[in-house]
Amino acid sequence: MNARTIPILVEERQRKRATPKGRVVDPAALADVRQALGSAARARDMLIEHLHKLQDKFGHLSARHLAALAREMDMAQTEVYEVATFYHHFDIVKEGEVAPPRLTVRVCDGLSCELAGARDLLERLPAILGTEVRVIAAPCVGRCEQAPAVAVAQHPIACATTEAVKSAVDAGRSRHEPEGFVDLQGYKEEGGYALLKTCIAGEIEVDQVIKALEDSGLRGLGGAGFPAGRKWRIVRNEPAPRLMAVNIDEGEPGTFKDRVYLERDPHRFLEGMLIAAWAVGIGKIYIYLRDEYHGCRAMLESELAKLREQPPFPGMPEICLRRGAGAYICGEESAMIESIEGKRGMPRLRPPYVAQVGLFGRPTLEHNFETLYWVREILERGSAWFAAQGRHGRSGLRSFSVSGRVKNPGVKLAPAGITIRELIDEYCGGMQDGHRLYAYLPGGASGGILPATMGDIPLDFDTLQPYGCFIGSAAVIVLSDKDRAVDAARNLMRFFHHESCGQCTPCRNGTAKASALIEKDRWDLPLLDDLSAVMRDASICGLGQAAPNPIDCVIKYFPQELK
């Protein structure tokens with residue numbers, strides 16, 4: 001290089017590219033994107049919402065539309081692509097690939113549905129429905145009491161048979177919306193929002209409300225069990241502006257209580273949410289609803305629109321409804337926040353905690369749906385009423401999602417501390433005919449597996465940990481003497497492998513390795529023990545830390561199945 005070549009190199013560096021980096025944007029694709037997005041904001045946090053609009057309109061996400069969306073939102077194409085490929089419900093079609101059929105039938109292969117015959121449906125439906133319909137296995141869709149559950153596009157089929165699915169496909173059904181729920185007018189006629197108005201009017205002090213929650217013993221009912229009143233105090237003491245994130249992404253296999261309550265009484269939850277916003281001083285609220293609950297979303301959008309037209313008080317915080325995209329990990333609070341911000345749903349390292357640095361870097365009150373659902377009841381009936389419920393020395397009420405080999409599965413509101421035998425006999429009509437209790441999962445896929453001989457343990461927070469289990473979101477799956485804990489563990493580990501976000505090596509590789517090891521007829525127990533320890537100690541979030549629970553429980557409580 002000599003002195004005369006330097007100005008030429010500088011000029012080349014300064015010269016602007018004729019086109020942006022990446023794929024050249026097709027004008028027709030850009031027009032498609034603009035038409036699909038309409039007047040919606042092009043803000044960065046709206047990326048997943050916009051991906052849904054394109055998926056809904058075209059049935060998939062083509063490379064040309066992704067490039068056009070990146071241009072429209074002024075984002076790097078790689079960033080749009082990495083978000084789109086993270087979520088299971090987005091179908092990415094690369095250049096030269098054939099787009100999938102417009103109609104997709106999802107057959108849940110979660111544990112409860114597998115017990116009810118999901119594998120048979122997966123084997124038989126492709127031939128029955130033909131090549132114009134795509135049939136795929138799907139992780140838990142939150143309808144375990146209706147096993148086997150199938151979704152035809154956005155229309156759920158309860159207790160599905162091949163005939164029922166074929167009929168739904170032929171009828172062209174696309175979405176099921178809840179019926180018989182209490183709408184805004186009906187809720188007001190039953191005294192709804194009166195408590196909220198009393199709070200806003202200053203007739204009840206904030207400290208009174210928070211103390212009532214503390215005295216009731218209400219804990220987070222999404223799985224973590226953190227005391228609700230204490231959480232309100234913590235976030236309230238953080239500097240404004242404060243935000244709120246509501247988690248209705250109940251993806252834990254066996255869990256469906258939030259969906260059932262939402263379908264019946266949405267405004268009871270919304271009033272509790274607004275009371276929390278008033279007490280903590282929240283400026284804006286984000287509700288994150290799992291994508292599998294299509295009908296609930298349509299209903300909730302409609303009821304929120306009514307609420308905005310008839311606000312219960314002036315200056316009601318803005319409420320934004322955000323749509324998940326099929327990722328179990330987004331049930332973890334920080335992963336959900338990442339998703340609300342339009343990113344991949346990867347859990348954050350802590351500290352800082354969400355209460356301090358949450359949504360968009362602001363202090364955030366994060367709550368599960370059911371926790372807020374109980375706020376009105378506790379404040380109206382008194383903390384002593386709620387605390388007085390319970391059995392076997394425990395306090396409060398629990399909404400158990402019960403599925404599996406019982407006669408009457410469903411959401412069972414029962415005293416905290418009830419045992420599995422009491423729950424089955426008193427609330428579920430007993431075991432199915434010809435079945436005898438063999439084992440049970442007290443807390444969904446990650447809560448472990450216990451034998452029937454340990455059926456007298458009180459079901460509540462803190463009672464199951466000594467046995468290597470936990471109650472989590474109270475998702476109870478009942479196994480009978482016709483089932484094997486080994487097979488249940490295999491199903492659950494396949495789920496964890498499928499749902500690992502891939503951010504940390506212990507979980508990403510650990511779930512894959514564990515799943516492969518337990519598929520073998522003979523388990524390598526020392527290797528599984530080492531793998532379990534590494535996953536528990538080194539995984540970033542609860543998915544990797546809890547994923548070994550089913551395996552560890554089988555080894556500890558069901559050794560006869562490993563011989």
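The values are calculated or read from the model by the stated rules, or taken from the named source; none is laboratory data. What you are looking at is a predicted structure, and each value in this text was computed from that prediction instead of being measured. Methodologically, a virtual Cβ is constructed for each residue, glycine included, from the backbone with ideal geometry; neighbour enumeration extends over all protein chains shown. What goes into the accessible areas is simple: the full protein's heavy atoms, side chains included, and nothing from ligands, DNA or RNA. Shrake-Rupley method; radii C 1.70, N 1.55, O 1.52, S 1.80 Å.
A crude spin-label estimate for the pair N237 and L321, with each label 7 Å from Cα along the Cβ direction, gives 3.6 nm.
Packing order of peptides 389-397, 360-368, highest average first: 360-368, 389-397 (average count of other Cβ atoms within 10 Å over each peptide's residues). So what's the net charge close to E318: Lys and Arg +1, Asp and Glu -1, counting the other residues with Cβ under 11 Å from its Cβ? For residues surrounding E318, the net value is +2.
Protection proxy ranking, highest mean first, for peptides 197-208, 420-431: 420-431, 197-208, where packing is the per-residue count of other beta-carbon atoms within 10 Å, averaged. The peptide list 23-32, 54-63, put in order of mean Cβ contacts within 10 Å with the highest first, becomes 54-63, 23-32. The distance between label points at D183 and M454 comes to 4.9 nm (points 7 Å beyond Cα on the Cα→Cβ vector). Can you bin region 345-384 into rounded, prolate or oblate? Criterion: square roots of the alpha carbon gyration tensor eigenvalues sorted a ≥ b ≥ c, rounded for a/c under 1.5, prolate for a/b above b/c, oblate for the rest. Prolate is the answer for region 345-384, as a/c is 1.5 or above and a/b outweighs b/c. Once you have the Cα-Cα distance between I92 and T505, take 0.36 nm times their residue separation minus that, and quote the gain in nm to one decimal. 146.2 nm is the gain from fully extending I92 to T505. Around the amide H of R322, modelled in the peptide plane, lie the amide H atoms of I287, Y288, L289, all under 5 Å away and 5 or more residues distant in sequence or on another chain. Summarising the strand pairing of region 91-201, around 45 percent of its internal DSSP beta bridges are antiparallel. If both residues of a DSSP beta bridge must be in the chain, then about 40% of such bridges are antiparallel.
If a paramagnetic tag sat 7 Å from the Cα of E561 along the Cα-Cβ line, which residues of region 537-555 would have the backbone N under 20 Å from that point? Backbone N within reach: 546-555.
At full extension, E82 and A298 could sit 75.0 nm farther apart than now, given 0.36 nm per residue minus the alpha carbon distance. Where Lys and Arg each count +1 and Asp and Glu each count -1, what net charge lies around H497 among other residues with Cβ under 12 Å from its Cβ? Charge balance in the 12 Å sphere: +2.
Listed by chain and number, the lysines whose C-alpha is less than 22 Å from the C-alpha of K284, apart from same-chain residues fewer than 8 away, are K197, K231, K306, K343. Here's how it looks for R398: its modeled amide H is under 5 Å from those of A414, A416, which are all 5 or more places away or on a different chain. Residues in region 484-529 average 47 Å² of solvent-accessible surface per residue, probe 1.4 Å, ligands and nucleic acids excluded.
Label-to-label distance, K57 versus R134, with points set 7 angstrom from Cα along the beta-carbon direction: 1.9 nm. Which residues does a label at E519 reach in region 123-145, if reach means a backbone N under 12 Å from a point 7 Å past the Cα toward the Cβ? What the label zone holds, given the 12 Å backbone N cut-off, is no residue at all.
Given axes a ≥ b ≥ c from the Cα gyration tensor, I'd like to know whether region 35-75 is rounded (a/c under 1.5), prolate (a/b larger than b/c) or oblate. It is oblate, given that a/c is not under 1.5 and a/b is not larger than b/c. Phi angles across region 427-434 convert, under the Karplus curve 6.51 cos²θ - 1.76 cosθ + 1.60 with θ = phi - 60°, into 3J(HN,Hα) values of 10, 10, x, x, 6, 4, 4, x Hz, Gly and Pro given as x. Taking R0 as 51 Å, what's the FRET efficiency between Q465 and A28 from their Cβ-Cβ distance, rounded to 0.05? The value I calculate is 0.30. Overall, the accessible surface of region 339-431 at a probe of 1.4 angstrom is composed of carbon and sulfur to the extent of 47 percent. Residue by residue, region 52-64 carries 3J(HN,Hα) couplings of 4, 4, 5, 4, 5, 6, 10, x, 6, 10, 7, 4, 5 Hz when phi is fed to the Karplus relation 6.51 cos²θ - 1.76 cosθ + 1.60 (θ = phi - 60°); x denotes Gly or Pro.
Less than 5 angstrom separates the built amide H of G225 from those of G220, all sequence-distant by 5 or more or on a different chain.
In debye, nearest 20: dipole of region 448-557 around its Cα centre with unit charges on the Cβ of K, R (+) and D, E (-)?
Approximately 340 debye in magnitude.
Using 0.36 nm per residue and subtracting the Cα-Cα separation, the extra length available between E163 and T198 on full extension is 7.3 nm.
Computed over protein heavy atoms with a 1.4 Å probe, the carbon and sulfur contribution to the accessible area of region 457-563 reaches 53%. Phi angles of region 466-478 translate, via the Karplus equation with coefficients 6.51, -1.76, 1.60 and θ = phi - 60°, into HN-Hα couplings of x, 9, x, 10, 7, 7, x, 8, 6, 8, 9, 10, 9 Hz per residue; Gly and Pro are given as x. Once you order the gyration tensor axes a ≥ b ≥ c over the Cα atoms, which shape class does region 134-198 get: rounded for a/c under 1.5, otherwise prolate or oblate by comparing a/b with b/c? The shape class here is prolate. On the basis of the beta-carbon distance and an R0 of 25 Å, D120 and R173 show a calculated FRET efficiency of 0.65.
Only helices enter the 222 nm calculation for the chain: every DSSP H run of n ≥ 4 contributes -39,500 (n - 2.57), and dividing by all residues gives -12500 deg cm²/dmol, rounded to 500.
Protein heavy-atom accessible surface, 1.4 Å probe, per residue over region 180-250: 46 Å². Under a Cβ-Cβ cut-off of 12 Å, what is the net charge of the residues other than E179 that fall near it, where Lys and Arg count +1 and Asp and Glu count -1? That works out to -2. The portion of the accessible surface of region 242-318 made up by carbon and sulfur, rounded to a whole percent, is 46 (1.4 Å probe; DNA, RNA and ligands excluded).
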